[in-house]
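The values are calculated or read from the model by the stated rules, or taken from the named source; none is laboratory data. Being a predicted model, the structure only gives us computed values, none of them experimental. Cβ sites come from the backbone with ideal geometry, for glycine too, and all protein chains shown count toward neighbours. The area values use the complete protein model at the heavy-atom level, side chains included, leaving out ligands, DNA and RNA. Shrake-Rupley method; radii C 1.70, N 1.55, O 1.52, S 1.80 Å.
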Amino acid sequence: EIFWTLVRQVKNMAVVVHGGAMADLGTKSDFVYKKTVAGAKNFTKEELIRLHGELVALFHDAHRGLLDFDIALERWLLKI
(Lines give C-alpha, C1' and ligand atoms only; values in the text may rest on other atoms or scores of the structure.)
Protein backbone atom coordinates (compact mmCIF):
# COMPACT_ATOMS: atom_id res chain seq x y z
CA GLU A 1 0.00 0.00 0.00
CA ILE A 2 2.85 2.38 0.82
CA PHE A 3 4.49 1.60 -2.50
CA TRP A 4 1.41 2.56 -4.53
CA THR A 5 0.99 5.76 -2.51
CA LEU A 6 4.57 6.71 -3.37
CA VAL A 7 4.08 5.87 -7.04
CA ARG A 8 0.90 7.95 -7.20
CA GLN A 9 2.51 10.92 -5.48
CA VAL A 10 5.61 10.90 -7.69
CA LYS A 11 3.38 10.59 -10.77
CA ASN A 12 1.15 13.45 -9.61
CA MET A 13 4.14 15.70 -8.94
CA ALA A 14 5.48 14.91 -12.43
CA VAL A 15 2.11 15.81 -13.94
CA VAL A 16 2.09 19.14 -12.07
CA VAL A 17 5.68 19.96 -13.06
CA HIS A 18 4.78 19.31 -16.70
CA GLY A 19 1.95 21.86 -16.46
CA GLY A 20 -0.93 19.58 -15.50
CA ALA A 21 -4.04 21.00 -13.86
CA MET A 22 -6.09 19.69 -10.94
CA ALA A 23 -8.34 17.71 -13.30
CA ASP A 24 -5.27 15.89 -14.68
CA LEU A 25 -4.58 14.48 -11.21
CA GLY A 26 -7.99 12.85 -11.06
CA THR A 27 -9.00 14.73 -7.94
CA LYS A 28 -11.52 17.42 -7.18
CA SER A 29 -9.78 18.40 -3.96
CA ASP A 30 -8.06 21.77 -4.01
CA PHE A 31 -6.11 20.71 -0.89
CA VAL A 32 -4.57 17.69 -2.67
CA TYR A 33 -3.62 19.81 -5.67
CA LYS A 34 -1.97 22.51 -3.53
CA LYS A 35 -0.01 19.93 -1.53
CA THR A 36 1.14 18.27 -4.75
CA VAL A 37 2.27 21.59 -6.22
CA ALA A 38 4.16 22.39 -3.00
CA GLY A 39 5.86 18.99 -3.04
CA ALA A 40 6.75 19.26 -6.72
CA LYS A 41 8.76 22.41 -6.05
CA ASN A 42 11.35 20.25 -4.29
CA PHE A 43 12.17 18.26 -7.44
CA THR A 44 13.13 18.94 -11.04
CA LYS A 45 11.35 17.31 -13.98
CA GLU A 46 14.32 15.03 -14.52
CA GLU A 47 14.39 13.94 -10.87
CA LEU A 48 10.70 13.05 -10.89
CA ILE A 49 11.06 11.05 -14.10
CA ARG A 50 14.07 9.23 -12.63
CA LEU A 51 12.27 8.52 -9.35
CA HIS A 52 9.24 7.13 -11.15
CA GLY A 53 11.44 4.94 -13.32
CA GLU A 54 13.26 3.63 -10.24
CA LEU A 55 9.97 2.71 -8.59
CA VAL A 56 8.75 0.88 -11.68
CA ALA A 57 12.06 -1.00 -11.96
CA LEU A 58 11.94 -1.85 -8.25
CA PHE A 59 8.45 -3.31 -8.62
CA HIS A 60 9.36 -5.44 -11.63
CA ASP A 61 12.68 -6.62 -10.21
CA ALA A 62 10.96 -7.66 -6.99
CA HIS A 63 8.37 -9.68 -8.89
CA ARG A 64 11.10 -11.36 -10.92
CA GLY A 65 12.74 -12.41 -7.65
CA LEU A 66 15.84 -10.30 -8.20
CA LEU A 67 15.47 -8.45 -4.91
CA ASP A 68 13.48 -8.36 -1.70
CA PHE A 69 10.64 -5.88 -2.18
CA ASP A 70 10.50 -4.52 1.38
CA ILE A 71 14.25 -4.03 1.67
CA ALA A 72 14.51 -2.45 -1.79
CA LEU A 73 11.67 -0.03 -1.04
CA GLU A 74 13.29 0.98 2.24
CA ARG A 75 16.62 1.56 0.50
CA TRP A 76 14.88 3.65 -2.14
CA LEU A 77 13.21 5.79 0.51
CA LEU A 78 16.44 6.29 2.45
CA LYS A 79 18.22 7.31 -0.76
CA ILE A 80 15.83 10.22 -1.29
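Based on the Kirkwood approach, the hydrodynamic radius assigned to the chain is 13.3 Å, with every pair of different Cα atoms included. Cα convex hull, region 34-80: 81 Å³ per residue, rounded to a whole number.
With R₀ fixed at 35 Å, the C-beta to C-beta distance from residue 45 to residue 75 puts the FRET efficiency at about 0.90. Could you look at the chain and say what percent of its accessible area is carbon and sulfur, using a 1.4 Å probe and all protein chains? Within the chain, the accessible surface is 59 percent carbon and sulfur. Full extension of the chain between residue 37 and residue 63 gives 6.2 nm of extra length, using 0.36 nm per residue less the Cα-Cα distance. Summary value for the chain: 30 percent relative contact order, contacts being C-alpha pairs under 8 angstrom separated by 6+ residues. Ligands, DNA and RNA are left out, and with a 1.4 angstrom probe the accessible area of the chain is 70 Å² per residue. Each Lys and Arg contributes +1 and each Asp and Glu -1, all at the Cβ; summed about the Cα centre of the chain, the dipole is approximately 320 debye. Between the listed residues 22, 78, 3, the Cα displaced farthest toward the positive end of the dipole of the chain, a dipole computed from Cβ unit charges relative to the Cα centre, is found at 22.
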